[in-house]
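A quick write-up on the structure given underneath.
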Amino acid sequence: MKLGINIDHVATLREARGGNSPDVLQAAVMAQKAGADGITVHLREDRRHIKDADVLAIKKKIKIPLNLEMSLAQDVVDFALNVVPGKICLVPEKRQERTTEGGLDVAGDRERIRRTVQSFKDKGVVVSLFVEPESAVVEAAQEAGADFVELHTGAYANAFLTDDPALWKKELIRLHNAAQEAHQRKLGVNAGHGLDYSNVEHIVKIPHIEELNIGHSIISRAVFVGLSKAVKEMKNLIAQHALSEAT
Ligand code: PXP
């Protein structure tokens, strides 16, 4: 299972003072060197952390795929169509939220999503839709022409915090079922949001998930152990639990 590192929060720290420290491009290069399979950044409409220039610099420098998380806002879409990242993940966005709160309402915005997906596919960009782990949304994602769904693991991560196995196992089953549904519909499956060093184990064992996108927990851990070690620790955890599933 691959690991995409979301480096938004390196930019969050930079924006706290406004200079160029910590350097977001250096973080991308370091994560690549530590074994990341991809670099993910969310270019938010208000540009509160990642800026257009970061996206351009990272795209130019790294050799692993750049995954651009983005809303359907026209200026962001136009910018991304010029950048042509390796992949995009369309997410819903609310200005006041601290982080992406829910999955895309694919059925509710069907035509705009279908048009946007097609415009990226025409440029050879792999398109993913960030969705709740629900059968109807996975079906709508397929109808919209997406290549991948990224299953929202936020509810699972929140349930895990309660230490009530009944709660988080229920969320895990939803993720299992949605991954299975997506696979049957010939969609690729990624997952992410709220994943950390303690809750990732059960996600790794879900069949068909190709890549996890993890940000906050890895950047937080990097404060104490450095980015390189934080990335390697997560890579090792994923490999170890994938292995325990296979044996
Ligand atoms: N995937 C998507 C689509 C996201 O919006 C985010 C948050 O930016 C992540 C993954 C990473 O979430 P976290 O920072 O909680 O690991």
(request) Please enumerate the residues belonging to the range 65-86 that are open to solvent by less than 20 Å² (accessible area, probe 1.4 Å) and assigned to a helix (DSSP H, G or I). (result) Val76, Val77, Ala80, Val83
(request) Can you work out which of the residues in the range 103-122 that are closer than 14 Å to Cys89 by Cα and open to solvent by less than 60 Å² (accessible area, probe 1.4 Å) is farthest from the chain's Cα centre (by Cα)? (result) Ser119
(request) Tell me, please, whether a residue that is over 19 Å from Lys87 (Cβ atoms), within 19 Å of the chain's Cα centre (by Cα) and charged (D, E, K, R) can be found in the range 154-174. (result) yes
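For the subset of the range 1-26 comprising residues that are assigned to a helix (DSSP H, G or I) and away from the ligand (no atom under 14 Å from the Cβ), which member is most open to solvent (accessible area, probe 1.4 Å)? Step through it out loud before you land on a result.
Step one: list which residues in the range 1-26 are assigned to a helix (DSSP H, G or I), which gives 8-17, 24-26.
Then drop every residue that is not away from the ligand (no atom under 14 Å from the Cβ), which leaves 14-17, 24-26.
Details: Arg14: 12, Glu15: 61, Ala16: 76, Arg17: 219, Val24: 1, Leu25: 53, Gln26: 107 Å².
Once the filter is applied, the top-ranked residue is Arg17.
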(request) Please find, within the range 28-43, the residue that is least open to solvent (accessible area, probe 1.4 Å) out of those that are away from the ligand (no atom under 14 Å from the Cβ) and out of contact with any Lys or Arg (no Cβ under 9 Å at 6 or more places or on another chain). (result) Met30
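The values are calculated or read from the model by the stated rules, or taken from the named source; none is laboratory data. As the structure is a prediction and not an experimental result, all values here were calculated from the model. We place every Cβ from the backbone using ideal geometry, glycine too, and count neighbours over all the protein chains shown. Calculation scope for accessible area: heavy atoms of the full protein, side chains included, ligands and nucleic acids excluded. Shrake-Rupley method; radii C 1.70, N 1.55, O 1.52, S 1.80 Å.
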